[in-house]
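Below is one structure; the comments refer to it alone.
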Amino acid sequence: MEAQKVRVVIAEDSVLLREGLTRLLTDKGYDVVAGVGDGDALVKTVGELAQENQAPDVVVADVRMPPSHTDEGVRAAISIRRDHPEVGVLVLSQYVEEQYATELIAGSSRGVGYLLKDRVAEVREFVDAVQRVAEGGTALDPEVVAQLLGRSRKQDVLAGLTPREREVLGLMAEGRTNSAIARQLVVSDGAVEKHVSNIFLKLGLAQSDGDHRRVLAVLTYLNS
């Protein structure tokens, strides 16, 4: 998917931040088709665009928006995932809110991300995350991955993985490619490919699942 063809809807109640995100993505060649300030407007806008066969490729939404500034954004994101599964959803949060992250990811089959707002300042990482989610991949903040990976109820799923395989799976959850994982761990690409193959095997993901196995592998432990 070419960056200039990626259609984005931004949901953020801070006009300054919303305009900043719009400018940032537009400058990078993305097509920001709408910007809204609350969850209801987000759901309505995506629905109207979908009816016109102009659904966005990805929605970027703040977790907390008016009127209560609690969970309106993530609720809207979950609603969009249910009614428009072809639309990727990337939510932004001030802090790691495990319940919201888990609810968003649960049942997802493609295109989901959860980043801390501080990550937006790292322009390249943020834009890469938008692109990955638009293409159906995952983009989870390292701090989110660390918290979810450490939850005790994940132990049964991860019991068969070696410490290195867990580390690789965590980096996969962030959306990193094999080459990026190899650079991070200072190992060869071949070593990472072997770890990834072992992860697929131990999680029972068949070769017939194709490249989608990367997403399935991440979702297997996040949804367990």
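Coordinate-derived values only; no laboratory data. Values in this document were obtained by computation on a predicted structure and should not be read as measured data. Counting neighbours? That spans all protein chains shown, and the Cβs are built from the backbone with ideal geometry, glycine included.
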| remark: Residues whose modelled amide H sits under 5 Å from the amide H of Tyr114, counting only those 5 or more places away in sequence or on another chain, are Val91, Ala139, Leu140, Asp141
| Residue order, fewest to most beta carbons within 10 Å, for His84, His69 | His69, His84
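For the chain, what is the calculated [θ] at 222 nm in deg cm²/dmol (nearest 500), taking -39500 (n - 2.57) for each run of four or more DSSP H residues and dividing by its residue count?
Result for the chain: -15000 deg cm²/dmol, rounded to the nearest 500.
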| task | Rank Ala134, Ala121, Ala101 by mean-square fluctuation in a GNM of the chain with C-alpha springs under 10 angstrom and give only the top-ranked residue. | result | Ala121
| note | Honestly the chain on the Cα gyration tensor test (a ≥ b ≥ c root eigenvalues; a/c under 1.5 rounded, otherwise a/b vs b/c for prolate or oblate) is just prolate
| said: How would Thr138, Thr70 line up from fewest to most surrounding beta-carbon atoms within 10 angstrom? | reply: Thr70, Thr138
| Quick one: helix 213-222 against the long Cα principal axis of the chain, what's the angle to the nearest 10°, folded into 0 to 90? | 90
| request: Taking the dipole about the Cα centre of the chain, with the C-beta of Lys and Arg at +1 and of Asp and Glu at -1, give me whichever of Leu169, Val127, Val43 is farthest to the positive side. | output: Leu169
| task | Considering the options Leu158, Met65, Thr220, tell which one lies farthest towards the positive end of the dipole of the chain, charges being +1 on Lys and Arg and -1 on Asp and Glu at the Cβ, about the Cα centre. | result | Leu158
